[in-house]
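Heads up: the structure comes next, in structure tokens.
The values are calculated or read from the model by the stated rules, or taken from the named source; none is laboratory data. Everything quoted here is computed from the prediction, not taken from an experiment. Glycine gets a Cβ as well: all are built from the backbone with ideal geometry, and neighbour counts include every protein chain shown. Surface areas here come from the heavy atoms of the whole protein model, side chains and all, with no ligands, DNA or RNA. Shrake-Rupley method; radii C 1.70, N 1.55, O 1.52, S 1.80 Å.
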Amino acid sequence: MTAMGRKSAAKPSYLFVIASSSQMYSGTGTAIYDWIGYAKDHFEFAILIDTLHQTNFDHARDFCDRQGIELIGSSSYPLPGCPDSGVRGVADVLAQRTFDFVECVSWANAATNLAVLTSLGPGSRLLYTPHTQPLWTLGEPTRFPMVAHVFHQMLARSSAVFLDTPSEARLSLFDGSEAAALHVVPLGVDLARFRDEGVHRRNQLLCVCDCRETRKRVDLLMKAFELAYQSNPRLRLTLAGKGSEQVAVPAELKSAVTALGYIDEAQLEALYRECALFVLLSDFEAFGLPIAEALCSGAAVLLNEQDATRDLFSGLPGVTWVENTKTADVARLMGEIRPGKRDHARIARAAASRFNFDQTYGRKLEIVRSLLGDRHEAA
């Protein structure tokens, strides 16, 4: 194992344990990084992650280097029936050091979370942010029978479980659980990065997601865009994110579709500020952080109707709902976009008031600090 960074005894210690199979370049990683950035004056953070998936490990390492956060690298330890890479070093780290808080992330990290459950000492409080999804989103859920078993153990053992939306607790994975410490804390948006700057918005649609995941329904997006383009040939579609450069684009749409692949943060921020409409037709989103980022940047959004996104985005200006399988309806709504038709500044203000860090991670900070009990004031 390798370790970087410095440790101070002045603040409560806080360890994230993460499998490198987690998407550290996407919403999972962003939520961790934003929380650490918001709360690092209150806690001494460290991240324990395995090195199997080098891209995700490197992403975590680069963040820790920039923030002065300790990074502990480990070999992986995958287990039968678990979809994640596992973290072999959990037992050694938790035997050598007692952390005030240990947080596990992702309902699917069964091998990693099981290692924490079996290694956590009595002096540590377990926190859990599952970002829960239905088992079918694993693709072949019958291959991973340990997921539900470990999930229920995590709910029962955790001092606090942080849910992205109220509807998350209604998912079938929660059936029969006895968790008494559920807290709904939506993910926050970094308003220093994602904001409306009044720039000219092009007649452009934008979709940002991991296009390799079938639940994102990029196939439905392309079918609808083909119809919309026939009625409004000025439309342009930009696809960004892992696998977007591999999306099959019909020959007649080649001039209207731009696939960028994985993009950096500056490109992402610019795309949100320039597009007229952000479109995400996923069958399921645990949260949909790009939706919140787009809204805070002033973009109107077109979303598939589902419980989680309804919980989060209902009542905000600029949000339009549609059934993703109704291709003609999706195409019509796409074709109706016009730059300047929406009050983009109003969209950004309303979203910012709901998803700013004080409204989101400020709530999490209150909950976590309350768990310190008598040490709360001293911390």
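Scan region 314-329 and tell me whether some residue there is within 30 Å of residue 99 (Cβ to Cβ), free of Cβ contacts under 8 Å to residues at least 40 places away in the same chain, outside any helix (DSSP H, G or I) and not charged (D, E, K, R). First the steps, then the outcome.
Just the residues of region 314-329 that are within 30 Å of residue 99 (Cβ to Cβ), to begin with: none.
The answer is no, given that none of the residues of region 314-329 is within 30 Å of residue 99 (Cβ to Cβ), free of Cβ contacts under 8 Å to residues at least 40 places away in the same chain, outside any helix (DSSP H, G or I) and not charged (D, E, K, R).
Of all residues in region 161-185, which are small (Gly, Ala, Ser) and either in contact (Cβ under 8 Å) with a residue 40 or more places away in the chain or closer than 21 Å to residue 137 by Cα (or both)? Working first, answer last.
First, pick out the residues of region 161-185 that are small (Gly, Ala, Ser): 167, 169, 172, 176-177, 179-181.
Those that are small (Gly, Ala, Ser) and either in contact (Cβ under 8 Å) with a residue 40 or more places away in the chain or closer than 21 Å to residue 137 by Cα (or both): 167, 169, 172, 176, 177.
Take the residues in region 350-366 that are free of Cβ contacts under 8 Å to residues at least 60 places away in the same chain and over 13 Å from residue 185 (Cβ atoms), then tell me which one is surrounded by the most Cβ atoms within 10 Å (Cβ to Cβ).
First, the residues of region 350-366 that are free of Cβ contacts under 8 Å to residues at least 60 places away in the same chain: 350, 353, 358, 366.
Going one step further and asking which of them are over 13 Å from residue 185 (Cβ atoms), we end up with 350, 353.
Numbers: 350: 18, 353: 11.
Among those that are free of Cβ contacts under 8 Å to residues at least 60 places away in the same chain and over 13 Å from residue 185 (Cβ atoms), it is 350.
Being open to solvent by 10 Å² or more (accessible area, probe 1.4 Å), out of contact with any His (no Cβ under 7 Å at 6 or more places or on another chain) and touching a residue at least 40 places away in the same chain (Cβ under 8 Å) is the filter here; which residues of region 186-198 pass it?
Once the filter is applied, which keeps residues that are open to solvent by 10 Å² or more (accessible area, probe 1.4 Å), out of contact with any His (no Cβ under 7 Å at 6 or more places or on another chain) and touching a residue at least 40 places away in the same chain (Cβ under 8 Å), region 186-198 yields 186, 187, 190, 191, 193, 195, 197, 198.
For residues that are touching a Leu at 6+ places or on another chain (Cβ under 8 Å) and not in a helix (DSSP H, G or I), scanning just region 283-292, find the one that is surrounded by the fewest Cβ atoms within 10 Å (Cβ to Cβ).
Taking region 283-292 first, the residues touching a Leu at 6+ places or on another chain (Cβ under 8 Å) are 287-292.
Restricting the remaining residues to those that are not in a helix (DSSP H, G or I) gives 287-288.
Values: 287: 21, 288: 25.
Checking each candidate, the answer is 287.
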Filter region 135-157 for residues that are at pLDDT below 95 and in a loop (DSSP other than H, G, I, E, B); the one that is farthest from the chain's Cα centre (by Cα) is 140
Can you pull out the strands (runs of 3 or more DSSP E) entirely within region 1-83 that have at least 1 residues that are modelled with pLDDT under 95? 2-4
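If you go through region 62-89, how many residues are within 21 Å of the chain's Cα centre (by Cα) and under 15 Å from residue 110 (Cα atoms)?
Taking region 62-89 and keeping what is within 21 Å of the chain's Cα centre (by Cα), we get 62-64, 66-67, 69, 71, 82-87.
Subset that is under 15 Å from residue 110 (Cα atoms): 82-87.
Looking only at that region, the number is 6.
Whether any residue in region 61-75 is among the basic types (Lys, Arg) and farther than 21 Å from residue 113 by Cβ is what I want to check. Write out each step before concluding.
Of all residues in region 61-75, those among the basic types (Lys, Arg) come to 61, 66.
In the following step, the residues that additionally are farther than 21 Å from residue 113 by Cβ were identified as 61, 66.
Yes, region 61-75 contains at least one residue that is among the basic types (Lys, Arg) and farther than 21 Å from residue 113 by Cβ.
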Scan 137, 142, 214 and give me the residue that is under 25 Å from residue 333 (Cβ atoms) and open to solvent by 10 Å² or more (accessible area, probe 1.4 Å). 214
Expected single match for crowded, with 17+ Cβ neighbours inside 10 Å and assigned to a loop (DSSP other than H, G, I, E, B) among 108, 115 is 108
By residue number, the members of region 242-282 that are touching a strand residue (DSSP E or B) at 6+ places or on another chain (Cβ under 7 Å), open to solvent by 10 Å² or more (accessible area, probe 1.4 Å), within 19 Å of residue 331 (Cβ to Cβ) and part of a loop (DSSP other than H, G, I, E, B) are 247, 249
